[in-house]
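Peer 1: Structure in structure tokens, see below.
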Amino acid sequence: MIKQTTINKCTACTSCVIDCPVTAATREFKGPKLLGPGLERFRLFEQDVEASIDYCTNCKNCDITCPSDVGVSTLNMLAKNEFYKRKGHRLRDWILSHGELFARLSSPVAAIANWGMAFPLTRMVLSALGIADRPLPAYHKTDFYQQFHALRQQPYEQKVVFYPGCYIGFNAPQVGMDLVHLLQANGYEVIVPDVVCCGTPVVSNGYMDEAREKAQHNIRALAVWAQKGYPILTCCTSCGLMLKQEYLELYDIEGSQQVAEQHYDAGEFLVELKDKGQLKTDFKAIEGSYLYHAPCHLRAQGIGLPGLELLQNIDGMKIAEIDAGCCGIAGSYGFKKEKYDISLAIGKNLFQAIKACPGATVVTECGTCQLQIGHVTKAATIHPISLLYAAWESNKQASSEAE
Amino acid sequence: MKKSDVIVIGAGLAGLTAAAAVSLQGHSVTLLAKGAGTLAFGGGTIDVLGCYDGRGLRSPKLGFEALPAHHPYTIAGKQGVIEAMFFFQKLCSEAGYPLEGSLESNVWVPTVAGTFKPSCLVPKTMSAADLAKADHIQLAAFAGLKDFYPSMIVKGFQRVALYAGKAYHTVPVETHLAPGRDITVLDIARWMNTMAGQNNFVSQVKEQIAPGSYLLVPPVLGTEPNYDIWQHLQERLNCRIIEMAAPPPGITGMRLRTLLLHLLKKQKIALIEQAHVSQAEIQSGCCKSVTTKHFGRERTYEGDAFILATGGFLGGGLVAEPLAVKEAIFGLPVASMLAAEQAAGDGLLNAGPVFQSGVNVDEKMRPLDLHGNLVLENVHLAGNILAGYDYCAEKSGNGVAVVTAYRAAMAAVGREQL
């Protein structure tokens, strides 16, 4: 659909080339304009596959900067899919884009799995497969689903649906639980339906058919709630973008429009409550200095930076936006051996800015941005929802001490 | 629903400038951006009025008197133009990237097409006022650079009286950039961002040029809005380096955009990217809110005043349909010159009348209908959406953007009488 609706809007103005972080970092990539709308015109007649498409990270900066509303990044993902159809996938790419499967297998034995991943022999095998020599995200010993189901929620009339996604589901469940607690405190009951990986990693690794299956599953699980008018929340900005935009760009699945319309980034939902005067704002600033990094997939959502807005509104909170661009990891991209250096080169400005503020904690929604920033700068990282919840708890503690 | 004092729609030069002006007056701003506008890839020189009636102007001021009543400069008034230019120059200076020039005289910027383009405020790196005095001009020829042909440039210069008798010399430069794709000025500017690139450039050029000479380069002196690289290279090479204007990506526009975006972030304005404004809520001649619709839900942004800086045909502010031109968001009456264009006949450069299509405004930059009646009380227009000027023929695009953005901003915050 996206091909017919957007390619002829491209005027070849070069705005996407200017703002493409990959083009800036490597000359191997021919650039979003040429590989997306440019070559797509030829692909309408026959498949014209260009190998450098493999360098595209699907970061969406081309979409954000395009003055003519061309769906550049998704055209590139479709081209990448065609490229892999011909070339065939590496085992490595399959492993990196199926983190959910490994997580579901490993979560029950998280400690062993985490130890195993760091084991020298495992690292050797991973390296031989083409995985970069960097720590893989550790699985949490109690995944989000276990923690959530163990929680006795206060039932409320008002309900929201939470889509955790893989990273919060298995690696950073605390972010999801912090959101659940905040929502409970504000009179919302949380529903977590039976969902699977949103498909971001399979889309950016050229497994479009598999992504369709995931989309179908998730839309089926979410549309029932969307039809009831329940808000659908995500804390992961890539999952959010998938539910709200990419399913619509890529597939024609019944119910996806309704899901997209009910989707909220968790921060966006809380800001909306605040704007309506319905958010309990008894937050107490948390000590320390904080730097906010805007994930590209949040910027692409057309909702501004709600996490930053919430935190900036807490009296005494020392938080500033970094304003230094993409971190470069792009999910699985930065874990690939031959892409690792490019991924670091993309994030160079960001890392420099963070290193210039030693001791500051970096606040950002995206789990893999957090991994990249922590890996390179050694700075502590936190999701804005977790920091907000900490500010809520800190106030509760302060007021109970006062009594 | 989000509320701010002023909502700016559009993030090209007009929108960014208006947002900066409103914010520096202490009012809250939400900037709704759909794409980066044309500033990102353009030349970024502030051309105020370069030509009139097909001839180059020595000074923008000389042309003002002759402009028609509905021209944006006539509406802003001479004082309005002066104030806006003062504001913009101050803003750039304070950000560490002062622009050179004044309304008193145009500067002639050499271009990679071998021509000279009249402009008013330009980066110091492009200021070529003293170039005419040189009897020997050198051109840096980067190997493999796209859209850069030294022999064509020299041929072009020799057609200009002041430059006809000079000696020209090409200085080949090899960047040794990795293969993979075409080499653009953007690639070389990024190479120049690195110390290694600068050192490499100096070592190659040093032996080939005489101290005190003039070296013309494409716009490659880094991507950031400062003069560090330029000064550093000039010192090390002991020569004058002048950047030429180039087709997209023009680099110099990119620098200006970076400067303005950093300023807006510093001012903590709310920048909403991918905000596709689809409609507005109007109550008795006043705009209450605008609504964005792209993927997902509609979102509404409320404001006391609105600045519409959505651009012309390229930016998407104006939409051409068969036999009609429409304004995309408010459905404002467009003074369309389609009939005139048809009369003018074919040919890209004859398309002048169509560039003059746009919305007529009052002195507060508010939209007027075709009979001159005010349409909306609190909506102010800036930039290429305006009727009555032809940026292409006049060389006035960025100048009109800055002047009308400043006027719109001052009117939006109730300070139009300074």
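Taken together, the values in this text are just the output of simple stated rules run on the coordinates, not laboratory data. Because the structure is a prediction, the values reported are computed rather than measured. Backbone-built Cβ (ideal geometry, glycine too); neighbour counts: all protein chains shown.
Peer 1: Could you give the longest part of chain A that holds none of the trypsin sites (Lys or Arg not before Pro) found in DSSP loops with at most 15 neighbouring Cβ atoms within 10 Å?
Peer 2: Longest site-free region, per DSSP loop and neighbour criteria: A:281-377.
Peer 1: Another question, then. With angles folded into 0 to 90 degrees, how steeply does helix A:72-87 sit against the dominant principal axis of chain A? Use alpha carbons for both and round to 10.
Peer 2: 60 degrees
Peer 1: Along the charge dipole of chain B, Cβ charges K/R +1 and D/E -1, which of B:Y301, B:G388, B:L318 sits furthest on the positive end?
Peer 2: B:Y301
Peer 1: Can you check what the net charge comes to around B:H27, using other residues whose Cβ is under 13 Å from the Cβ of B:H27 (Lys, Arg +1; Asp, Glu -1)?
Peer 2: Net local charge, B:H27 excluded: +1.
Peer 1: Something else: Mean separation of Cα pairs under 8 Å and 6+ residues apart, divided by the residue count of chain A: what relative contact order is that in percent?
Peer 2: 15 percent
Peer 1: Further question: Please get the size of the charge dipole for segment B:226-293, origin at its Cα centre, with Cβ charges of +1 on Lys and Arg and -1 on Asp and Glu, quoted in debye to the nearest 20.
Peer 2: Roughly 160 debye for segment B:226-293.
Peer 1: Return a whole-number percent for the relative contact order of chain B, with Cα pairs under 8 Å and 6 or more residues apart as the contact set.
Peer 2: It rounds to 24 percent for chain B.
Peer 1: Does anyone have the angle between helix B:397-412 and the longest principal axis of chain B? Alpha-carbon axes, 0 to 90°, nearest 10?
Peer 2: Tilt relative to chain B: about 40 degrees.
Peer 1: For helix B:252-266, what angle does its Cα long axis make with the longest principal axis of chain B, in degrees from 0 to 90 and rounded to 10?
Peer 2: Result, in degrees: 50.
Peer 1: Sticking with this structure for a sec: Add +1 for every Lys or Arg and -1 for every Asp or Glu among the other residues with Cβ under 14 Å from the Cβ of B:H169, and state the total.
Peer 2: Cβ neighbours under 14 Å give a net charge of -1.
Peer 1: Would you mind computing, in nm to one decimal, how far apart the modelled labels at B:K3 and B:I82 are, each placed 7 Å from Cα along Cα→Cβ?
Peer 2: 4.0 nm
Peer 1: Over segment A:2-87, what is the relative contact order in whole percent, taking alpha-carbon pairs under 8 Å and six or more residues apart?
Peer 2: Dividing the mean separation by the residue count of segment A:2-87 yields 38 percent.
Peer 1: Further question on the same structure: Under a point-charge model restricted to the Cβ atoms of Lys and Arg (+1) and Asp and Glu (-1), what is the dipole moment magnitude of segment A:1-128 relative to its Cα centre, in debye to the nearest 20?
Peer 2: It comes to approximately 220 debye.
Peer 1: Collect residues whose amide H, placed 1.01 Å from N in the peptide plane, falls under 5 Å from the amide H of A:Y156; neighbours closer than 5 in sequence don't count.
Peer 2: Under 5 Å from the amide H of A:Y156: A:E189.
Peer 1: Something else now. Using a cut-off of 13 Å between beta-carbons, work out the net charge of the residues near B:E100 (Lys and Arg +1, Asp and Glu -1, B:E100 not included).
Peer 2: So the surrounding residues net to -2.
Peer 1: OK, next. Just the number: Rg to Rh for chain B, Cα atoms, Kirkwood Rh, two decimals.
Peer 2: Using only Cα positions, Rg/Rh for chain B is 0.99.
Peer 1: Each label point is 7 Å from the Cα along the Cα-to-Cβ direction; what then is the distance between the points at B:A164 and A:A285, in nm?
Peer 2: Those two pseudo-labels are separated by 7.0 nm.
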